[in-house]
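The values are calculated or read from the model by the stated rules, or taken from the named source; none is laboratory data. Here the structure is a predicted model, which is why all the values come from computation and not from measurement. Because the Cβ atoms are built from the backbone with ideal geometry, glycine has one as well, and the counts that use them run over all protein chains shown.
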């Protein structure tokens, strides 16, 4: 080996330990280890960056396409979600609108029902309660002696048997006797509902209770009118009064005839109220008829009979005699009252009757009041039930102060006890 090559090899081994020498075009550059590796790293990084950049530009369209597709998918997902939320909002709004419409419909029904019940309440207010009829007093006045046997008496046209005839309108019974089913359902509820539905349910329950009370009031009214009419018809039938004859008309009445008609679409309430008005008009007619029937007592206080109707011993000792009336024991000067409405036919002295008043009540019925000490009415005068027509006395064929009272039908004397018993049966219905 030449000395120059040896020197170069020696310098190369020495440079490997101390750095790196680069030769180019006859020139040499010496680099330290750190600088060399920095250069190598920089070249490597630049090569990698160049490779990445080349790859990016080579595949740029694919990457952008994927990014755009991903963004589009995300946008579509958001739009679908927004559409779903809008659909839910629309459904909720539709449901609320439907609930509101249903609520308004139910509220409108409640308001209409309330208006109907208010009109029914006004109709019920216009119907007066019938007078309390009380219970039938089955006791008789102070024992009335039976007429003594013997002698021929004219039979009385009045029977002791009471015959009750059912009014014709009783055949049509009430459709509304049973309380509304809704009231039963509401009463069966144990837990009240909440919210608007609960409020509507409570309103319905309240209206059901009002309707139930109205139905009960109607039932009570109809039962009262029917009971009163039944009692009055029975008494009039028992007394032999012709129910086909109308009682006296009240004074100063008149007007065009407008028949009462029931609407074709009338409900149970209207039909029942119609029957009540018919029953009331019938009771008014029966009351007018009873006003002309002498079923009241001619004197005040308890009845104290000194002589009954029929055959008796003559008080002046002339043997058996026919007594055509009842003798009421009373004090001189006590008021004597008319036992029914009528017109004075006799007012003056009449033989053995002494001072006597006779009143014609119509339908062939008349009453006589004898042995009066004073007469307080005039011939032809119209008198009312309970009006004082005279005073108890002892005029005429009499042994002491008392009232001789007679009841006559078509001029024939009949037992006044039957009329007095009828008055007891009627009680407060008079």
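Would you confirm whether any residue within the stretch 376-384 is under 15 Å from residue 299 (Cα atoms), in contact with a helix residue (DSSP H, G or I) (Cβ under 8 Å, 6 or more places away or on another chain) and not in a strand (DSSP E or B)? No, the conditions are met nowhere in the stretch 376-384.
Condition test on residue 299, is it assigned to a strand (DSSP E or B) and under 15 Å from residue 387 (Cα atoms)?
Answer is no for this residue.
Checking 379, 420 one by one, the residue that is modelled with pLDDT under 90 and either touching a strand residue (DSSP E or B) at 6+ places or on another chain (Cβ under 7 Å) or closer than 16 Å to residue 330 by Cβ (or both) is 420 and no other. Just to be sure, is residue 396 in contact with a helix residue (DSSP H, G or I) (Cβ under 6 Å, 6 or more places away or on another chain) and touching a residue at least 24 places away in the same chain (Cβ under 8 Å)? Yes: the conditions hold for residue 396. Residue pairs whose Cβ atoms lie under 7 Å apart, separated by 6 or more positions or on different chains, with the first residue in the stretch 54-74 and at positive phi and loosely packed, with under 10 Cβ neighbours inside 10 Å and the second at pLDDT 80 or above and assigned to a helix (DSSP H, G or I), do not occur.
Scoring residue 405 on the criteria (1) in contact (Cβ under 8 Å) with a residue 60 or more places away in the chain; (2) out of contact with any helix residue (DSSP H, G or I) (no Cβ under 8 Å at 6 or more places or on another chain); (3) crowded, with 19+ Cβ neighbours inside 10 Å leaves a single failure, condition (2). When the criteria are applied in full, residue 11 fails the requirement of being surrounded by fewer than 10 Cβ atoms within 10 Å (Cβ to Cβ) and at pLDDT below 70.
Within the stretch 304-338, if we keep just the residues that are modelled with pLDDT of 80 or more, within 18 Å of residue 393 (Cα to Cα) and assigned to a loop (DSSP other than H, G, I, E, B), the residue that is farthest from the chain's Cα centre (by Cα) turns out to be 332.
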